[in-house]
Structure formats: structure tokens, C-alpha cells
Amino acid sequence: MSRVKFVLDASVTLAWAFREERNAYTRGVLHALKKGEAVVPAIWPLEVGNGLVVAERRGRLTYAEAVQFLSLLWELPIVVDSETPERMLSEIFLLAREHRLSTYDASYLDLAMRWGLPLATQDKALKQAAQHCGVSIFTE
């Protein structure tokens, strides 16, 4: 049996931290990590960290809960791929421009395209761009 492999975006990752944002899709993606691995772009740790900092400032979770979530997150089979600054300011910039995405979201799309992997996301605009580029959306 081959291992499941996919690109994981921050919209799915951060949903795991908040009970009210979890749904069948995000639980399925998390379950898939038990028999596979996720690949994320270099921006992912900063995006997840920022989401937690903002959530703490808004009183959605405590510092201790954020630290605990990060500790659990690093135990998961998640590989951080690094893009060069040149790639960020060329291919990813152009992909963002062409599909009306943020450069953050375009980095997930670019990674899925380069690795030939499906994309696990809840972001509607990113899903639409992925489908336009021939990238499948991850389903368990």
C-alpha cells in the first residue's frame, strides 16, 4: 500500500486548532496523515503561527493552548519545502497575479503543481485556481 501524500494549506491546519472550525473535511485530512504525509511551502509555519497569534489576541485560545497545538503539529508527518526568493518573486508572483490569489495561497498551488500532488484546502479561490491549473483537490 502506497503512502498518501498531499499539499496541506493553512486553512485546513488552523481549523484543527478551533473546535468550531473543524468539519468532516478537516478531520478527514488529519486522519489521512496517519497513513501518509503532507508537504507545505516555506510560508506555512509563519501563516499558521500568525493565525494562532491573532486567535490568542482575540481571546479564541490561550498561549498555553497555542503552544500545545504547535507541539502536536510538529509531531505530524509534515515536510516543509523551501522555495528560493527568486521563485517567490517570479513563478509564485505570476501565479498569484494570473489567478487573483495572495502570494501565500499561490505558494501552495505552485508546490502542488511542482510535486504533482493534490491540494488540501478549504479556500474557495485557491480551489478554483487549482482546478483551473489541473491540480486535484485532496479527498481522503
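At an R0 of 41 angstrom, the distance between the Cβ atoms of T84 and F18 translates into a FRET efficiency of 0.80.
In terms of other Cβ atoms within 10 Å, T103, T13, T26, T139 run from fewest to most in the order T139, T103, T26, T13. Treating r as the C-beta distance of R97 and R58 and R0 as 30 Å, the FRET efficiency rounds to 0.45.
Ranking request for peptides 74-83, 37-46: highest mean number of other beta-carbon atoms within 10 Å first, then the rest in descending order.
37-46, 74-83
Dipole magnitude for the chain: computed about the Cα centre from +1 point charges on Lys and Arg Cβ and -1 point charges on Asp and Glu Cβ, it is near 380 debye. For a straight C-alpha distance cut-off of 12 angstrom, the aspartates and glutamates reachable from K35 (same-chain residues fewer than eight places away being disregarded) are E140. Compared with the direct C-alpha span, the chain from K35 to L73 gains 12.1 nm at full extension, assuming 0.36 nm per residue.
When the Cα atoms of segment 4-132 are aligned to their principal axes, the ranges along those axes come out at 39, 33, 25 Å in descending order. Distant-in-sequence amide contacts of E83, defined by a placed amide H-H separation under 5 Å and a gap of 5 or more residues or a different chain, comprise A42. Of interest is the spacing of the C-alpha centroids, which for segment 1-39 and segment 99-140 amounts to 15 Å.
With helices as the sole contributors, the chain gives -15500 deg cm²/dmol at 222 nm; each DSSP H run of n ≥ 4 counts as -39500 (n - 2.57), and the sum is divided by every residue.
Taken together, the values in this text are just the output of simple stated rules run on the coordinates, not laboratory data. Not measured: the values here are computed from a predicted model. For neighbour counting, all protein chains shown are included, and Cβ atoms are generated from backbone atoms with ideal geometry for every residue, glycine included.
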